[in-house]
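The next block holds one structure in the form of structure tokens; read it before the comments.
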Amino acid sequence: MTSRGTKYWDSGAIPLIAPEILGDIIAQVADVGVVISDTGTVLSVLVNPGNPVFKSLVRWENNDLRGFLTDESITKFDSRLAEFLEGGTPVRPIELNHLDSEKKWGAPVRYSFHRIGPDGAILLLGRDLQPIAEMQQQLVEAQLALERDYEAQREYDTRFRVLMESASEAVLFVSAQTGEITEANTAALTLLDRTSDDVLKSQLSDCFEGRKRGDLIETLAAQAISQLNKTITVAIRGNGRTVGIYPTMFRAAGERVILCRLLPSDETEVRVNDLSRNLQGLYQDGPEAIAFVSDTGDVLSANDAFLDLIDVAHDVNVRGRSFADYLQRGSVDFKVMAENAARAGKMRNYATKLAGEYGSPRAVDISVTKLNAGSKVMFAFVIRDAARSEMAHPKSASATDESMRSVVELVGSASLKDIVAETTNVVEKMCIETAVELTMNNRVAAAEMLGLSRQSLYVKLRKFDILSRGAEEE
């Protein structure tokens, strides 16, 4: 309205607008404005200052617009321009894809056609469709990712179902929070003498006699956390059959789930011959110290008897540490045992001393067995306290004792210098024989154990006639 109360324009007629003001308006309401002739030649380009993508399009002026369009867009542009010039019904907007002179950059733009003068000039007001195209591409990629995840989920679900149904052991999955049974295989349904509809979504306590919901779940959770591998004995409601529950707890999708393996009590006798369980019991409760060590010398696991020998409270303190740290001769002892076990498969009665961080060295006898864990090699060390063995089996007189007696008999019949030289020879021979015996005639390991070069060891072996003796034994 004007100051006199009359309308500023009548019947939809817009008053004349200055060219510079009109250009600003067009640049603000559209991303790009292109003025072309009726033949498609670009007369002027107006670019929205808020859209930096189109700032370089001023070079379009005085060029054919078709030179900046893709091949399929040229056909669409010619068809829509001809329709507009005929002056019939209003022309619908058109989407054109632009290319730069090097045909590397492309941008989709939606244009609407407008006449702006009697000279036949045509104004194309364009809206940049690149953000919409990018959003559509993101939606497509998200949809494809969802479909891939869905297919992967279906694959894992199928594997889970096949594994559950093929397992001969009765298995239940129970929610630790609600106590509801979420999954059950056919073996479990048969053992419980119920159908799938009766078991799924029902309380685990409803399947057993004299068990309250909260008490049973808490007991199973505590047993699973303790990792003692002990069973919980319950009676099935309805048929009175006694079963043992072996719980294992894990977390899935933020919820704690208890895997319950059910074993009927009448199958206990069959389990007596379960080798894996028997070996595990021997490892945990046996009197002999046992340690499993990698080929690099790191302790993988050790039983309580081994921890007692080295005075360590928990096996967490020894896992990952070098087994050589607990041997008197360190890496020399480990290298000798590992090399001989790797070559022969096992090694018996290797005498050395074992000590922890706080205890004094203790004489032990070690047997080593090479084990193949897939593509990797590991060693099982069985360690016995040699002090107890010596008490049970006293040592007999050895050849070394005879040698020492012969040295003592030299007193009075030889000079002190000769006696000392003979004593040195006896001790040297005894040390060399012991090293060769400990290393099972491995000359390189024996030389390393004695701190000699290999050549020096061979000289001494010839000197004491041990070299020929070892060759005869081989």
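At-a-glance table
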read-out: Of 376/429; 335/463; 335/460, pairs whose Cα-Cα distance is over 31 Å; value: 376/429
read-out: Cut-off under 5 Å, modelled amide H: who pairs with residue 362 long-range; value: 354, 355
read-out: Extension reserve of the residue 304-residue 79 stretch, reckoned as 0.36 nm per residue once the Cα distance is removed; value: 72.1 nm
read-out: Under-5 Å amide H pairs with residue 289, H placed in peptide plane, nonlocal only; value: 383
read-out: Dipole-positive endmost among 312, 260, 290 within the range 230-358 (Cβ charges, Cα centre); value: 260
read-out: Sparse-neighbourhood loop sites, GluC sites (Glu not before Pro) in the range 111-204 - DSSP loop, at most 14 other Cβ within 10 angstrom; value: 169
read-out: Cα→Cβ-extended label distance, 7 Å offset, between residue 64 and residue 453, nm; value: 9.1
read-out: Gyration tensor verdict on the range 276-392 (Cα atoms; rounded if a/c is under 1.5, prolate if a/b is larger than b/c, oblate otherwise); value: rounded
read-out: Protection-proxy order for peptides 459-466, 172-179, each taking the mean of Cβ atoms within 10 Å per residue, highest first; value: 172-179, 459-466
read-out: Of the trypsin sites (Lys or Arg not before Pro) in the range 423-455, those whose Cβ has at most 15 other Cβ within 10 Å and which sit in DSSP loop; value: none
read-out: Inter-site label distance for residue 168 and residue 39 at 7 Å from Cα along Cβ, in nm; value: 9.1
read-out: Prolate/oblate/rounded call for the range 167-271, Cα gyration tensor, a/c under 1.5 rounded; value: rounded
read-out: In Hz, Karplus ³J(HN,Hα) per residue of the range 338-343 (6.51, -1.76, 1.60; θ = phi - 60°; x = Gly, Pro); value: 5, 5, 5, 5, 5, 7
read-out: For residue 351, distant residues with modelled amide H under 5 Å away; value: 366
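The numbers here are math on the coordinates, done by the rules we state, and not lab data. Everything quoted here is computed from the prediction, not taken from an experiment. When we count neighbours, we look across all protein chains shown, and the Cβ atoms used for this are built from the backbone with ideal geometry, even at glycine.
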